[in-house]
Amino acid sequence: MIKWIILSALFVSSVAWGQAVPGGVYRLALPDGAQGVEYDGRPALVRNGFALVGIGINTQPGTKTAYILGAEGRAPHTFEVVAKQYPEQRLTIENKKMVNPDPESLERIRTESARMRAEYQRFSRVPAVGSMIKPVEGVTSSQFGFRRVLNGEPRSPHSGLDIAANTGTPVQAAADGVVRITGNYYFNGNTVFIDHGQGLVTMYCHLHEIHVAEGDTLKQGEVLGLVGATGRVTGPHLHWSVSMNGYRVDPVTVLSLINEEAAADVPAS
Ligand SMILES: [Zn+2]
């Protein structure tokens with residue numbers, strides 16, 4: 001794990017300005033008069049003269065085009081997505097139904113995925129969040145992007161950050177927002193979605209208890225539930241996903257980008 005972190009740090013430092021990686025965020029400096037940015041047909045988050053554009057983890061490396069929206073229309077802006085090799089992670093799940101669900105469960109999973117996808121594509125036109133916090137303190141037990149092999153079978157890459165903590169540990173809202181989904185999901189267990197505006201959505205999974213309701217307005221740091229082991233898990237932890245313009249991106253990248261800019265807002269004294 002330590003070796004991986006070192007490699008990953010080297011890799012991140014090798015991504016040049018004007019580049020992004022699959023599952024990362026592209027930071028675009030906006031020209032004067034820009035009113036917004038679109039990528040893949042969806043608006044991106046704009047703050048402090050920059051757009052933060054989420055890049056899907058399944059994106060093929062190469063030249064991509066975002067569009068800068070201005071008074072005179074849309075201007076194309078090209079940038080490079082460079083390859084990133086995420087490590088493989090092999091897990092053993094004792095409950096076989098969580099690896100190969102029966103037909104009835106597959107139907108449930110399809111319905112749930114559609115609801116979650118719709119939520120990730122929500123774009124509320126409210127001011128972008130000021131800063132972001134990690135929702136629970138604990139040891140990272142699985143990084144974003146790990147190529148998952150469950151009981152020997154390849155599955156989708158890991159779409160969030162797993163933070164191991166004891167059952168009952170309070171989980172805090174990463175930023176101000178509105179609760180859009182609370183419910184029990186097949187793989188994700190007890191789940192909460194928070195809409196932070198401008199396409200930034202966070203998801204909190206495997207909760208032991210949910211302490212909020214759909215429609216609640218939360219302040220950053222408010223407790224939304226407790227760490228648990230519901231859904232597909234190997235032990236109690238929080239699975240935390242962060243989505244930008246419809247794509248799940250690395251929560252660690254988002255934390256550093258948003259907080260770096262929030263710090264830059266503070267006037268030097
Ligand atoms: Zn996870």
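Rule-based calculations on the coordinates, nothing more; no lab input. Because the structure is a prediction, the values reported are computed rather than measured. Neighbour counts are summed over all protein chains in view; Cβ atoms, including those assigned to glycine, are modelled from backbone coordinates with ideal geometry.
From the phi angles alone, apply the Karplus equation (6.51, -1.76, 1.60; θ = phi - 60°) to the stretch 134-151 and give each ³J(HN,Hα) in whole Hz, x where the residue is Gly or Pro.
For the stretch 134-151, the Karplus curve yields 6, x, 8, 7, x, 7, 6, 9, 7, 7, 4, x, 3, 7, 7, 10, 9, 6 Hz.
Taking only Cα atoms and a 10 Å spring cutoff, compute GNM fluctuations for the chain and point out the largest among E38, E104, E222.
E104
Compute from the Cα atoms of the chain the Rg and the Dmax, the latter being the longest Cα-Cα distance, and quote both in angstrom.
Using the Cα atoms of the chain, the pair Rg, Dmax is 18.5, 62 Å.
Name all residues of the stretch 113-151 having a backbone nitrogen under 20 Å from the label point set 7 Å from the Cα of S105 along its Cα→Cβ direction, giving them as ranges.
The answer is 113-116, 148-151, whose backbone nitrogens lie closer than 20 Å to the label point.
Amide H neighbours of F50 under 5 Å, at least 5 residues apart or on other chains, H built in the peptide plane: list them.
Hits under the 5 Å cutoff: L30.
Tally Lys and Arg at +1 and Asp and Glu at -1 over the other residues with C-beta under 15 Å from the C-beta of P170: what net charge comes out?
-1
Pop the C-beta distance of Q60 and A29 into the FRET formula with R0 = 30 Å and round what comes out to the nearest 0.05.
E(calc), rounded to 0.05, equals 0.75.
Give me the Kirkwood hydrodynamic radius of the stretch 39-86 in Å, from all C-alpha pairs, to one decimal place?
Taking the inverse mean of 1/r over all distinct Cα pairs, the stretch 39-86 comes out at 12.1 Å.
Treating the angle as unsigned and between 0 and 90°, give the value, to the nearest 10°, between the Cα long axis of helix 251-265 and the longest Cα principal axis of the chain.
40 degrees
Build a GNM of the chain with springs between Cα atoms under 10 Å: which of E107, E137, E119 gets the top mean-square fluctuation?
Residue with maximal mean-square fluctuation among E107, E137, E119: E107.
Taking only Cα atoms and a 10 Å spring cutoff, compute GNM fluctuations for the chain and point out the largest among T92, T182, T167.
Maximum among the listed residues: T92.
Convert each backbone phi in the stretch 199-207 into a coupling constant with the Karplus relation 6.51 cos²θ - 1.76 cosθ + 1.60 (shift: θ = phi - 60°), then list the ³J(HN,Hα) values in order as whole Hz, x for Gly and Pro.
Running phi through 6.51 cos²θ - 1.76 cosθ + 1.60 with θ = phi - 60° gives x, 8, 10, 10, 10, 10, 10, 6, 5 Hz.
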